[in-house]
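Remarks on the structure that follows.
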Amino acid sequence: MPTRRFPISVAGVIAAALVNIPTALAQAPVGYYASVDPSTPATLRQSVHAVIKDHLRFPYTAATTDTWDILELADQDVNNSAHIVDLYKNQSILKQGGGNSFYNREHSWPNSFGFPNDGATNSPYTDCHALFLSDSGYNSSRGNNVYRGCLSGCSEKVTVLTNGQGGGSGLYPGNSNWRAGSGATGSWETWQRRRGDVARALLYLDVRYEGGLSGSGNAEPDLILTDDEALIAASNTGNNEAVAYMGMRSVLLQWHLDDPVDERERGRDNVVFRFQANRNPFIDHPEWVECVFNNACSVGTAFCFGDGSGTGCPCGNNSAVGAQEGCLNSLGTGGKLTAMGRASLTSDTVVLAGTRMPNGGVLYFQGTTQASLAFGDGLLCVTGSVVRLGTRFNVLSASQYPDPVDTRISVQGGVTATGTREYQAWYRDAATFCTPSTFNLTNGWRITWGA
Ligand SMILES: [Ca+2]
Ligand SMILES: [Ca+2]
């Protein structure tokens, strides 16, 4: 009977997947983002700001640990610890240990737009999440130009082939940077492998700096990304400002998608975290960009609820009507699956998030058909052609797939054409609860993949 064949095949996929549950590769410390509330753009922005504000500020230049020390580690050549690789030219250069004629410190958000006067209370000036070592000549060419694509009459600033990236010239856009004009009406188009890095640096600044006073009572600017050239131009006053603008916002959001987070950028974030004790949330959670900056805090739709509205739960363990979660588990909660990010096959940032489950093994999987069949202590909502995405271990009753180091869902799930896929999470539940089975499931979640 076909209705029986599907659960058995799914059970086989699940059993095979749980032979080895890998330990999650450490990125953010466990619990670092535990207080974050992703319900709405406002709650996510506010709660992320609360996590990353009041970082440990290091001086720009000093005999003690300063930004040179931090940046020479953050921008260290991954294949040569005696060298750095600069942001715009991508050249590997022997570390100089401080002021030199080869490279200097690039404020990706030009400090003249809002925070030009360095001082012990001016945190953005020395914030290493947004400072990069740059070839001095290229830094000078970038000047105060806003980040955006070449408008017209641009000059090329080529990259050097280093560690398999960069090199070549003459063909737009190639691996080159392109510049024209100056300031708010000018443009600097960062080359393709680093444009996501500068985008996420500026997205970080927008959320890190929200005005008001720091925990130690110092005034901080509210830094805001915009596409409004007049607002950007008006921010270049020569003084520290209460509110300042930079752009272009829409371009940076596209650059974030064009150049996904990679191991090098994660390593950079980890180095800065070691010193400043705050992280760039958009490196750890690229999917949050959709919520904070594009007002899209959910992607897809929930289905197959353990609330008795469809198939009843196996032992009457129905969850509350309207909760849109799975059947109740041994914690007395229903496992809940949601998703956030961009469901695009060319720039996939989707993350599946599971909550309200016991701390134990969990498997995120994909299928092609919606179902609603009693299975273990819950309901199987997803059948058809089933693909294992990844196994996790719930911590604080929650987990997600993918983590930053994992393969994207669309790739792992082999989604090669636009259309819908169905998702669910299977997790360990106590044998003494409900049926003798040791597992339960969340609600189902449908995602429609676009180009
Ligand atoms: Ca990059
Ligand atoms: Ca802000």
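The values are calculated or read from the model by the stated rules, or taken from the named source; none is laboratory data. Just so it is clear, the structure is predicted and the values come from calculations on it, not from any experiment. Counting neighbours? That spans all protein chains shown, and the Cβs are built from the backbone with ideal geometry, glycine included.
Reported count of residues in segment 159-190, each being in a strand (DSSP E or B) and without any contact (Cβ under 8 Å) to a residue 60 or more places away in the chain, is 6. Restricting segment 213-224 to residues that are surrounded by fewer than 24 Cβ atoms within 10 Å (Cβ to Cβ) and aliphatic (A, V, I, L, M), the residue that is nearest to ligand 2 (Cβ to nearest atom) is I224. Taking the numbered list (1) of a type outside the set (V, I, T); (2) within 20 Å of V351 (Cα to Cα); (3) outside the structural domain of S347 (by TED's automatic domain parsing); (4) not in a loop (DSSP other than H, G, I, E, B) in turn, P260 passes all entries but (4).
Yes/no per residue for (1) of a type in the set (K, R); (2) part of a loop (DSSP other than H, G, I, E, B); (3) over 30 Å from R57 (Cα atoms):
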residue: G238; (1), (2), (3): no, yes, no
residue: E265; (1), (2), (3): no, no, no
residue: N270; (1), (2), (3): no, no, no
residue: R279; (1), (2), (3): yes, yes, no
residue: V299; (1), (2), (3): no, yes, yes
residue: S309; (1), (2), (3): no, yes, yes
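The condition (being closer than 17 Å to L225 by Cα and either at pLDDT below 95 or outside the structural domain of W255 (by TED's automatic domain parsing) (or both)) is satisfied by just one residue among G183, G98, G153: G183. Applying the condition of being part of a helix (DSSP H, G or I) and of a type in the set (A, V, I, L, M, F, W, C) to segment 240-257 and asking which residue is nearest to ligand 1 (Cβ to nearest atom) yields W255.
Test of understanding: among G168, G164, which residue is within 25 Å of the chain's Cα centre (by Cα) and surrounded by fewer than 17 Cβ atoms within 10 Å (Cβ to Cβ)?
Working: G168 fails: within 25 Å of the chain's Cα centre (by Cα).
Result: G164 is the single residue among G168, G164 that is within 25 Å of the chain's Cα centre (by Cα) and surrounded by fewer than 17 Cβ atoms within 10 Å (Cβ to Cβ).
The test for being more than 21 Å from V146 (Cβ to Cβ) and at pLDDT 95 or above does not hold for D86.
For segment 249-263, which residues satisfy the criterion of being more than 16 Å from ligand 2 (Cβ to nearest atom) and of a type outside the set (D, E, K, R)? Explain how you work it out, then say what you get.
Just the residues of segment 249-263 that are more than 16 Å from ligand 2 (Cβ to nearest atom), to begin with: 250-251, 254-263.
Result: S250, V251, Q254, W255, H256, L257, P260, V261.
Working only within segment 235-244, note down all residues that are exposed (fewer than 15 other Cβ atoms within 10 Å of the Cβ) and closer than 21 Å to T185 by Cα. Before the answer, list the steps.
Restricting attention to segment 235-244, the residues satisfying the condition of being exposed (fewer than 15 other Cβ atoms within 10 Å of the Cβ) are 237-239, 242-243.
Matches in segment 235-244: T237, G238, N239, V243.
Could you name every one of the strands (runs of 3 or more DSSP E) located completely within segment 328-385 that has at least 1 residues being over 18 Å from C434 (Cβ atoms) and of a type in the set (K, R)? Write out each step before concluding.
Details: elements: 336-340, 351-355, 361-367, 369-375, 378-383.
Answer list for segment 328-385: none.
For segment 145-158, taking the residues that are part of a loop (DSSP other than H, G, I, E, B) and closer than 17 Å to P110 by Cβ, the one that is nearest to ligand 2 (Cβ to nearest atom) is identified as V146.
On the basis of being part of a strand (DSSP E or B) and of a type in the set (S, T, N, Q), does N100 make the cut? Spell out how you get there, then give the answer.
Values: part of a strand (DSSP E or B): no; of a type in the set (S, T, N, Q): yes.
No: the conditions fail for N100.
The test for being within 15 Å of ligand 1 (Cβ to nearest atom) and either surrounded by fewer than 23 Cβ atoms within 10 Å (Cβ to Cβ) or among the small types (G, A, S) (or both) holds for V261.
Checking the condition assigned to a loop (DSSP other than H, G, I, E, B) and either away from ligand 1 (no atom under 16 Å from the Cβ) or not assigned by TED's automatic domain parsing to the domain that holds V271 (or both), which residue from N139, N122 passes?
Values: N139 fails: assigned to a loop (DSSP other than H, G, I, E, B).
Only one candidate qualifies: N122.
Within segment 46-77, the set of residues being among the basic types (K, R) and surrounded by 18 or more Cβ atoms within 10 Å (Cβ to Cβ) comprises R57 only. Candidates in segment 191-212 are the residues that are within 16 Å of ligand 1 (Cβ to nearest atom) and not in a helix (DSSP H, G or I); of these, the one that is surrounded by the most Cβ atoms within 10 Å (Cβ to Cβ) is R194. Residues in segment 283-297 that are in a loop (DSSP other than H, G, I, E, B) and among the hydrophobic types (A, V, I, L, M, F, W, C): A296, C297.
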